[in-house]
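> Below: one structure in structure tokens.
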Amino acid sequence: MAKLPCPLPEIVHQFGPSLHTIPSGGWVRNPQDEHLVKTHCCFCGQQCGIQLRVNNNKVVGFEPWEDWPFNQGKLCPKGIKRYMQDEHPDRLTSPLQRVEGKGFAPIAWDAALDRVAAEIQRIQGKYGKDSFAVLTGASLVNEKAYLMGKFARVALQTANIDYNGRLCMVSSATASKKVFGIDRSANPWSDIVLADVILAAGANISETSPITTDYFWRARDRGAKIIVIDPRMTPIARNADLYIPVRSGGDIGIFNGMLHIMIQRGWIDHDFIAQHTTGFEEVARSVEKYTPEYAARIAGVPPAMIIRAAELFGPARTSFVLHAKGIEHHSKGVENCIAAMSLVLASGRIGREGCGYAMITGQGNGQGAREQGGKCDQLPGNRDISNPEHRKYIAEVWGVPEESIPQKGLSAIPLVEAIHEGKIKGLISICFNPIVSLPDANFTRAAFEKLEFYANIDFFLSETSRYADIVLAGSLMEEDEGTTTNTEGRVIRHRKAVLPPEGAREDWKIICDIARRLGHGDKFNFSGTEEIFNELRVATKGGVSDYFGITWDKIEKNNGVCWPCPTPEHPGTPRLYENGKFGHPDGKAHFIPVDWRPSAEMPDPEYPIILTTGRVVAHFLSGTQTRRIGALIDQTPQPFCEIHPVLATKLGIADGDYVKVESRRGSVVVHAMVVKTIRPDTVFIPWHWPLDRSVNNLTVRALDPQSFIPEYKICAVRVSKADAPHDAIASLEVQAGGVR
Ligand SMILES: Nc1nc2c(c(=O)[nH]1)N[C@H]1C(S)=C(S)[C@@H](COP(=O)(O)OP(=O)(O)OC[C@H]3O[C@@H](n4cnc5c(=O)[nH]c(N)nc54)[C@H](O)[C@@H]3O)O[C@H]1N2
Ligand SMILES: Nc1nc2c(c(=O)[nH]1)N[C@H]1C(S)=C(S)[C@@H](COP(=O)(O)OP(=O)(O)OC[C@H]3O[C@@H](n4cnc5c(=O)[nH]c(N)nc54)[C@H](O)[C@@H]3O)O[C@H]1N2
Ligand code: SF4
Ligand SMILES: [Mo]
């Protein structure tokens, strides 16, 4: 029988009163206890330094942390407001169990953990080990990310573990490994400031990596030119020297077109190419056909823009290329990134001061979490799960037979497809909200209804939690200690500011408790997260992402340490590829030719408009956290559909009208926001909302064949004027406004 999402239980409030009317429950401010804890923001990959103001075990505010070099006290709206989630009345303070037809009811910890362990054993006993899957997340600190990989391989022995970075970093990671040999941004952010030209492709810098804006401005103060490629004129694009309004999916036209011109005009570093790379001739041949006119047709922009981009980028002395999801969320995401990397290599501008390349990391630990074994194909240290040597090493660290470590499993979307097909029967997830974040949400919902057993660890009841049989009340970042690895590859420390609320538990303890119940207690006998980190150091030793020389103490003394850091004496590696040595065994970077091909779903007469999706500054990912913070709700209370005046007029739509946006998979009704900052053939909807406001009702379940990332950035839709939807949640939001 299909399992429907539980209604919200009474004990969980949807919208809370003002923070200043809580904390209650006998809490009193203790004037003697007021203190600041230096830590980092829990949200994006910038991992800004922040000081949390703590009193009597409650986070009551924040102060800037001006000495932290990366952001020097600056924060974006989410960083400023993040502390408000801590005391939100929706915080889960007890495990919950599903009571069919009634909702959730609190359950004791021992009973909840016993049930999870029993269901894992039942399902694996009946259907085989791989029938129980694990989904983990990149907002987790390194220690928990490592623990989840070990938990899946040692305690469950399932091949089927993957993580939410599959929706995020994997295209750039795959491309980076193929081209440079190492999956990491190549430079510290301080190199951006020293670049004479900055090229940002598919990155809404001001809203999604807001602190990076400051690095752009500091470069521009030195005279740097800024090129931005995006179908929408984002805030950073409005301040660019050259803005290229690419048609979604057309970036290879721009990159290959630029390279064509650079070769023609001699803006190529032949010495660098000869000494440090392979494969240039093939790439040069492959871009011969990318004349400005041909390239422009693919990109949907005038040829002059591509010529101008090459003129700015080609002859520059120093340069920095950055990209994010705009080019990565495609069924050719890896190829898009490879084409951007060819510009970096052809110019020879990498591995030096002011010369570099970065993929902007998305989630707080988007970089670190993918190195520790949460990916279906990797073991800690960025090791390859199918490489016998790598398996042998990790088996020794874990004290298990090599054969007991499963082989490569399914990545996130095929894993959910296997649930839909009935091949995977059980699931435990942490730090992932797939009901909101996966493409083609109707399909995802149908899959989750089929699970025989589902356990979810979260601190709020997410939309996905509502499909769970058991929800385990976990911890926020500030309730535990650990490390993350920021967008620069810098390993930094999150400090414990407060204890989890009574009834909730640190995530790592929950995992170890389940492992113990499954008979693997000896392998999960950690006394704290520092001990987990010390095992992680050994597990990554000798790997590409080598953390062995990093200790918590060293991080403290040095304001973070960049990997690789192979020995305790090693200072860490802020800039990769200095002296021209790349990560491949031959020490060279590998040029790879790529040719443009259409996206999985192109507009047609039935669905004639391109839909692209992304973010707004006030909300984070699936919104479980930011949709509970009043000030952020006020900033952007609802999703909207950006539409150009020309298209709006053609469709008889005025600013503020409700519009129905439909694809072959579903529809949403949202407000139209008529703006001149978007291409007339494209509409944009941010994705942070669930259910009938989820743009993922529309998106297409097409994957990149190399990275398995979904194509969130382009599908075909039609748009029409609509009546106001009945939206009970929206009216509640307006009345209550969340926590202020
Ligand atoms: N405020 C906020 N900040 C965040 C997050 C958040 O949810 N909210 N999430 C974090 C995470 S996990 C991530 S991954 C990052 C994502 O950071 P970004 O990648 O910057 O964010 P997106 O809005 O997904 O997409 C960026 C831009 O890509 C453009 N775009 C769409 N299609 C194309 C295309 O084909 N080519 C090009 N060149 N551009 C295109 C969109 O118009 C959009 O402006 O942000 C991180 N920071
Ligand atoms: N249409 C569209 N869809 C997209 C994207 C897009 O651009 N367009 N972007 C994609 C991208 S880049 C990403 S990264 C994904 C993200 O998608 P998800 O990973 O599904 O979204 P999150 O909101 O990060 O979900 C994390 C969940 O874990 C919880 N959580 C956070 N931190 C912790 C923790 O430390 N411990 C525990 N126990 N729980 C925690 C949160 O409350 C939340 O419920 O979405 C993707 N989906
Ligand atoms: S830029 Fe990212 S890390 Fe910095 S405050 Fe904003 S959300 Fe937090
Ligand atoms: Mo992401």
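The values are calculated or read from the model by the stated rules, or taken from the named source; none is laboratory data. Bear in mind the structure is a predicted one, so any value in this text is a computation, not a measurement. Counting neighbours? That spans all protein chains shown, and the Cβs are built from the backbone with ideal geometry, glycine included.
> Testing Ala589 on (1) crowded, with 23+ Cβ neighbours inside 10 Å; (2) closer than 30 Å to Ile350 by Cα; (3) within 16 Å of ligand 1 (Cβ to nearest atom), one condition comes back false. Which one is that?
The single condition Ala589 does not satisfy is (3).
> (1) touching a helix residue (DSSP H, G or I) at 6+ places or on another chain (Cβ under 6 Å); (2) over 26 Å from Asp546 (Cα atoms): which one isn't true of Ala395, the others all being true?
(2)
> Just wondering, is there one or more residues in the stretch 181-188 that are closer than 26 Å to Lys78 by Cα and either aromatic (Phe, Trp, Tyr) or surrounded by fewer than 24 Cβ atoms within 10 Å (Cβ to Cβ) (or both)? Don't jump to the end; show me each part of the working.
So in the stretch 181-188, the residues closer than 26 Å to Lys78 by Cα come out as 184-185, 187-188.
Right, trim to either aromatic (Phe, Trp, Tyr) or surrounded by fewer than 24 Cβ atoms within 10 Å (Cβ to Cβ) (or both) and you get 188.
Yes - at least one qualifying residue is present in the stretch 181-188.
> Moving on. Tell me, which helices (runs of 4 or more DSSP H) lie completely within the stretch 71-181 with 3 or more residues that are away from ligand 1 (no atom under 16 Å from the Cβ)? Write out each step before concluding.
Details: elements: 77-81, 109-127, 142-150, 170-179.
Result: 109-127, 142-150, 170-179.
> Kindly establish whether Ala654 is away from ligand 1 (no atom under 15 Å from the Cβ), small (Gly, Ala, Ser), over 26 Å from the mean Cα position of the chain (by Cα) and buried (at least 19 other Cβ atoms within 10 Å of the Cβ). Can you show your working first?
Working: away from ligand 1 (no atom under 15 Å from the Cβ): yes; small (Gly, Ala, Ser): yes; over 26 Å from the mean Cα position of the chain (by Cα): yes; buried (at least 19 other Cβ atoms within 10 Å of the Cβ): no.
So Ala654 fails the test.
> From the list Asp655, Asp681, Asp634, which one is at pLDDT below 95 and outside the structural domain of Gly326 (by TED's automatic domain parsing)? Please lay out each step first, then the result.
Values: Asp655 fails: at pLDDT below 95; Asp681 fails: at pLDDT below 95.
Being at pLDDT below 95 and outside the structural domain of Gly326 (by TED's automatic domain parsing) holds for just one of Asp655, Asp681, Asp634, which is Asp634.
> Being part of a helix (DSSP H, G or I), within 27 Å of the chain's Cα centre (by Cα), surrounded by fewer than 20 Cβ atoms within 10 Å (Cβ to Cβ) and in contact (Cβ under 8 Å) with a residue 24 or more places away in the chain is the filter here; which residues of the stretch 510-551 pass it?
The answer is Glu530, Glu535, Val538.
> Continuing with this model, one more query. Can you confirm whether the stretch 621-637 contains a residue that is touching a residue at least 40 places away in the same chain (Cβ under 8 Å), more than 16 Å from ligand 4 (Cβ to nearest atom), within 27 Å of Gly333 (Cβ to Cβ) and hydrophobic (A, V, I, L, M, F, W, C)?
Filtering the stretch 621-637 down to residues touching a residue at least 40 places away in the same chain (Cβ under 8 Å) leaves 621-637.
Imposing the further condition that a residue be more than 16 Å from ligand 4 (Cβ to nearest atom) reduces the set to 627-637.
Cutting the leftovers down to within 27 Å of Gly333 (Cβ to Cβ) gives us 636.
So of that shortlist, the ones also hydrophobic (A, V, I, L, M, F, W, C) come out as none.
For the stretch 621-637, residues touching a residue at least 40 places away in the same chain (Cβ under 8 Å), more than 16 Å from ligand 4 (Cβ to nearest atom), within 27 Å of Gly333 (Cβ to Cβ) and hydrophobic (A, V, I, L, M, F, W, C): absent.
> Looking only at the stretch 426-454, filter to residues that are aliphatic (A, V, I, L, M) and within 22 Å of the chain's Cα centre (by Cα); which one of those is nearest to ligand 3 (Cβ to nearest atom)? Quick ask: steps written out before the conclusion?
We begin by selecting, within the stretch 426-454, every residue aliphatic (A, V, I, L, M); these are 427-428, 430, 435-436, 438, 441, 446-447, 451.
From the residues that got through so far, the ones that are within 22 Å of the chain's Cα centre (by Cα) too are 427-428, 430, 435-436, 438, 441.
On the way: Leu427: 29, Ile428: 28, Ile430: 21, Ile435: 23, Val436: 18, Leu438: 23, Ala441: 25 Å.
It comes out as Val436.
> Answer yes or no: is there a residue in the stretch 583-599 that is touching a strand residue (DSSP E or B) at 6+ places or on another chain (Cβ under 8 Å) and under 23 Å from His494 (Cβ atoms).
There is no residue in the stretch 583-599 that is touching a strand residue (DSSP E or B) at 6+ places or on another chain (Cβ under 8 Å) and under 23 Å from His494 (Cβ atoms).
> Condition check: free of Cβ contacts under 8 Å to residues at least 40 places away in the same chain and surrounded by fewer than 24 Cβ atoms within 10 Å (Cβ to Cβ). Does Ala304 satisfy that? First the steps, then the outcome.
On the way: free of Cβ contacts under 8 Å to residues at least 40 places away in the same chain: yes; surrounded by fewer than 24 Cβ atoms within 10 Å (Cβ to Cβ): yes.
Criteria met by Ala304.
> Write out, first by first residue and then by second, each pair whose Cβ atoms fall under 6 Å of each other, whose residues are 6+ apart or on separate chains, and whose first residue, in the stretch 464-491, is closer than 20 Å to Glu502 by Cβ while the second is part of a helix (DSSP H, G or I).
Ile470/Ala112; Ile470/Arg115; Ile470/Val116; Val471/Ser465; Leu472/Ile510; Gly474/Asp507; Ser475/Asp507; Glu481/Thr529
> Right, next: If you go through the stretch 337-351, how many residues are under 13 Å from Phe280 (Cβ atoms) and not aliphatic (A, V, I, L, M)? Working first, answer last.
Taking the stretch 337-351 first, the residues under 13 Å from Phe280 (Cβ atoms) are 341-348.
Filter again for not aliphatic (A, V, I, L, M), leaving 342, 347-348.
Residues in the stretch 337-351 being under 13 Å from Phe280 (Cβ atoms) and not aliphatic (A, V, I, L, M): 3 in total.
> Still on this structure, I have one more. Just name the residue that is farthest from ligand 2 (Cβ to nearest atom) out of those in the stretch 592-620 that are of a type in the set (Gly, Ala, Ser) and closer than 21 Å to Val436 by Cβ. Can you show your working first?
In the first step, residues of the stretch 592-620 are kept if they are of a type in the set (Gly, Ala, Ser); the result is 599-600, 614, 618.
Narrowing the set further to residues that are closer than 21 Å to Val436 by Cβ leaves 614, 618.
Values: Gly614: 5, Ala618: 14 Å.
In this case the residue turns out to be Ala618.
> Out of the residues in the stretch 274-295 that are among the β-branched types (Val, Ile, Thr) and closer than 24 Å to Pro585 by Cβ, which is surrounded by the most Cβ atoms within 10 Å (Cβ to Cβ)? Quick ask: steps written out before the conclusion?
Within the stretch 274-295, the first condition is being among the β-branched types (Val, Ile, Thr), and the residues that meet it are 277-278, 283, 287, 291.
Now narrow it down to the ones that are closer than 24 Å to Pro585 by Cβ: 277-278, 283.
Details: Thr277: 21, Thr278: 15, Val283: 23.
Looking at residues that are among the β-branched types (Val, Ile, Thr) and closer than 24 Å to Pro585 by Cβ, I get Val283.
> Identify all residues within the stretch 666-684 that are touching a Lys or Arg at 6+ places or on another chain (Cβ under 8 Å) and within 19 Å of Met602 (Cα to Cα); write none if there are none.
Once the filter is applied, which keeps residues that are touching a Lys or Arg at 6+ places or on another chain (Cβ under 8 Å) and within 19 Å of Met602 (Cα to Cα), the stretch 666-684 yields Ser667, Ile678, Arg679, Asp681, Thr682, Phe684.
> Restricting the search to the stretch 568-608, which residues are out of contact with any helix residue (DSSP H, G or I) (no Cβ under 8 Å at 6 or more places or on another chain) and either in a helix (DSSP H, G or I) or within 25 Å of Glu207 (Cα to Cα) (or both)?
Listed by number, the residues that qualify are Glu578, Asn579.
> Then there is this: If the requirement is being touching a helix residue (DSSP H, G or I) at 6+ places or on another chain (Cβ under 6 Å), in contact (Cβ under 8 Å) with a residue 60 or more places away in the chain and away from ligand 1 (no atom under 16 Å from the Cβ), which of these qualifies: Val37, Val59?
Going through Val37, Val59 in turn, just one is touching a helix residue (DSSP H, G or I) at 6+ places or on another chain (Cβ under 6 Å), in contact (Cβ under 8 Å) with a residue 60 or more places away in the chain and away from ligand 1 (no atom under 16 Å from the Cβ): Val59.
> When you scan the stretch 199-245, how many residues do you find that are within 23 Å of the chain's Cα centre (by Cα) and under 30 Å from Tyr294 (Cβ atoms)?
Residues of the stretch 199-245 within 23 Å of the chain's Cα centre (by Cα): 199-216, 228-237.
With under 30 Å from Tyr294 (Cβ atoms) added as a condition, the list becomes 199-205, 228-234, 236-237.
Of the residues in the stretch 199-245, 16 are within 23 Å of the chain's Cα centre (by Cα) and under 30 Å from Tyr294 (Cβ atoms).
> Continuing with this model, one more query. Quick check on the stretch 332-365: of everything there that is part of a loop (DSSP other than H, G, I, E, B) and β-branched (Val, Ile, Thr), which residue is surrounded by the most Cβ atoms within 10 Å (Cβ to Cβ)? Walk me through how you get there before you give the answer.
The first filter runs over the stretch 332-365 and keeps only residues part of a loop (DSSP other than H, G, I, E, B), leaving 332, 348-351, 353-354, 360-362, 364-365.
Now drop any that are not β-branched (Val, Ile, Thr), which leaves 350, 360-361.
Values: Ile350: 27, Ile360: 25, Thr361: 31.
Restricting to residues being part of a loop (DSSP other than H, G, I, E, B) and β-branched (Val, Ile, Thr), the top hit is Thr361.
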